[in-house]
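Visitor: Pasting in a structure now, in structure tokens, and then I'll have a few things to ask.
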Amino acid sequence: MDDAPPPAPFGSAAFGNVPEYSVAEISGAIKQTLESTFGRIRVRGEITEFKRYSSGHLYFSLKDEGGKISGVVWRGSVSRLGLVPENGLEIIATGRISAYGERSSYQLIVEKMEYAGEGALLARIERLRLRLTEEGLFDRARKKRIPRLPKVIGVVTSLQGAVLHDIRTTIARRFPRHLLIWPVAVQGEGAAAQITAAIQGFSRLGVPGPGATLPRPDVLIVARGGGSLEDLMAFNDESVLRAVAACPIPVISAVGHETDTTLIDYVSDIRAPTPTAAAELAVPVRDELLADLAHRSARMSNALTRIGQTARLRLDRAASGLPDLPSLLDTARMRLDDRAHRLELALPALLERRRAALMVAERHMPAPGAIIAERRSRLALRAAALDAAATASGRAAEARLGRTRLSPAPLLALCRERQARLTGLGGQLESVSPRAVLERGYVLVRDAAGEPVTRAAKLSGGDRVTLVFADGDKAARIEGRKETSQGHLDL
């Protein structure tokens with residue numbers, strides 16, 4: 001030990017065998033070592049510091065509890081990643097390690113990404129579900145009603161597998177309808193974009209415009225068979241969910257088996273456990289409809305028959321309660337004939353009774369001549385009394401005048417005035433007297449009832465009348481009608 005040579009001083013020839021490298025050489029050596037040692041690797045971590053540049057490249061970092069590594073996805077590999085990267089997403093990145101000598105750094109060049117187990121997938125799905133729930137995309141008020149019998153059914157699914165065959169055979173068996181099939185990839189790269197494009201394409205069908213030849217479906221079925229959670233991730237994609245929410249066509253989701261649940265089941269208008277069940281929800285069974293129609297038709301026919309029978313029974317009961325119309329008419333006709341016969345007999349008898357009563361009344365009435373003579377005598381008595389009173393008044397006036405020795409001229413004038421007035425009143429009374437009219441040669445004609453006759457049209461041949469003259473009455477009978485040249489009636 002003591003014989004050992006002392007250490008060589010620093011900078012001596014003892015370090016002459018250490019190789020010397022340039023910066024570029026050491027950077028290249030490190031890069032070659034990293035790339036040759038690790039080659040193609042898979043790294044698990046959480047995405048952070050994610051950035052998408054206008055060039056199309058993606059830059060991010062992967063971190064875990066013990067460290068962090070930079071990563072990059074070149075533009076040509078973005079479409080083949082398998083998922084859409086975002087901050088907070090735990091993934092398994094497949095790629096290779098490469099060094100960047102100018103910055104003395106290394107990074108992971110990623111070619112493919114996978115979700116880091118079902119836990120990461122479920123966490124991502126749950127975050128998306130909560131966010132869309134807050135937006136109201138899953139509200140029941142937004143659900144559209146599935147039509148009872150659609151004319152055209154749209155199907156979004158893959159051409160491979162048994163899903164399309166099951167839907168076709170089920171619809172053909174239950175109620176054949178027109179199918180519009182939009183084939184898409186249901187898993188893997190670009191599946192979500194194809195499903196979104198198919199749903200949006202069906203929404204645009206039937207809109208007026210160039211090339212609008214296909215009708216818009218009445219209901220849309222989005223379906224695929226069973227698979228793992230990773231296989232069904234296309235139906236948990238946000239773009240697919242928003243396309244379903246904005247679709248004006250009622251959507252039936254049928255993704256996976258009965259136990260599988262994806263977010264499209266929440267946003268669709270109705271969820272079917274299987275593609276076959278989706279076809280059963282889309283169309284009813286034609287035979288059942290025909291049977292139900294026949295049953296309803298029979299019930300309607302029976303109901304109409306019962307209504308007719310009930311109405312006929314009520315009519316019969318009402319008819320039985322009505323009297324016999326012919327017998328009523330016969331009785332009324334007989335009563336009318338009897339009344340008419342009795343009326344024919346009663347009218348002449350009534351006229352005879354009224355005529356006899358008038359004749360009796362006429363016999364008891366004083367004659368008009370006597371009444372006029374009586375009134376004339378009364379008038380003469382009153383005239384005589386008036387003359388006597390005038391004479392007495394004149395004598396009294398003369399006596400007074402004689403005593404006063406006045407001239408008699410005013411008294412005589414007054415007497416003459418009073419006498420002229422009395423004469424005028426007498427003339428007026430005489431002019432309105434019926435007897436004065438008869439004195440001038442006129443005759444008053446009375447019918448059998450004693451009523452004055454003023455028109456020749458009221459008399460017929462054979463009628464008896466009474467002619468009243470100035471000095472008495474005469475009975476007469478009408479022989480006929482004769483019009484004179486002056487238009488008078490000659491009896």
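Visitor: Measuring from centroid to centroid over Cα atoms, what is the spacing of region 169-242 and region 291-333 in Å?
Guide: For region 169-242 versus region 291-333, the Cα centre distance is 59 Å.
Visitor: Lysine pairs in the chain with alpha-carbon atoms under 29 Å apart, 8 or more places apart or on different chains: how many are there?
Guide: 13
Visitor: Something else: Which values, in whole Å and largest first, are the semi-axes of the equivalent ellipsoid of region 145-190 obtained as the square root of 5 times each eigenvalue of the Cα gyration tensor?
Guide: Semi-axes (√(5λ), whole Å): 22, 13, 8.
Visitor: Give me the one-decimal Kirkwood hydrodynamic radius in Å for the chain, with the sum taken over alpha-carbon pairs.
Guide: Kirkwood radius, the chain: 38.3 Å.
Visitor: Out of 26, 293, 367, whose Cα points farthest toward the positive end of the dipole of the chain (charges: +1 Lys, Arg; -1 Asp, Glu; placed on Cβ)?
Guide: In the chain, that residue is 367.
Visitor: Report, in deg cm²/dmol and to the nearest 500, the calculated mean residue ellipticity at 222 nm for the chain, where each DSSP H run with n ≥ 4 adds -39500 (n - 2.57) and the sum is divided by the residue count.
Guide: One gets -15500 deg cm²/dmol as the mean residue ellipticity at 222 nm.
Visitor: Please state, to two decimals, what the Cα-based radius of gyration of region 21-115 comes to when divided by 2.2 N^0.38 Å (N = residues).
Guide: Details: Rg = 13.7 Å, N = 95, 2.2 N^0.38 = 12.4 Å.
So region 21-115 has a normalised radius of gyration of 1.10.
Visitor: Using the 10 angstrom Cβ neighbour count as an exposure proxy, how do 177, 127 rank, fewest first?
Guide: Result, fewest neighbours first: 127, 177.
Visitor: Counting only C-alpha contacts under 8 Å and six or more residues apart, can you give the relative contact order of region 114-250 as a whole percent?
Guide: 31 percent
Visitor: For a footprinting-style exposure proxy, rank 257, 364 by other Cβ within 10 Å, fewest first.
Guide: Working: 257 10, 364 7.
So the residues, fewest neighbours to most, are 364, 257.
Every number here is computed from the coordinates shown, using simple stated rules; none is lab data. Given the structure is predicted, the values throughout are model-derived calculations rather than measurements. Cβ sites come from the backbone with ideal geometry, for glycine too, and all protein chains shown count toward neighbours.
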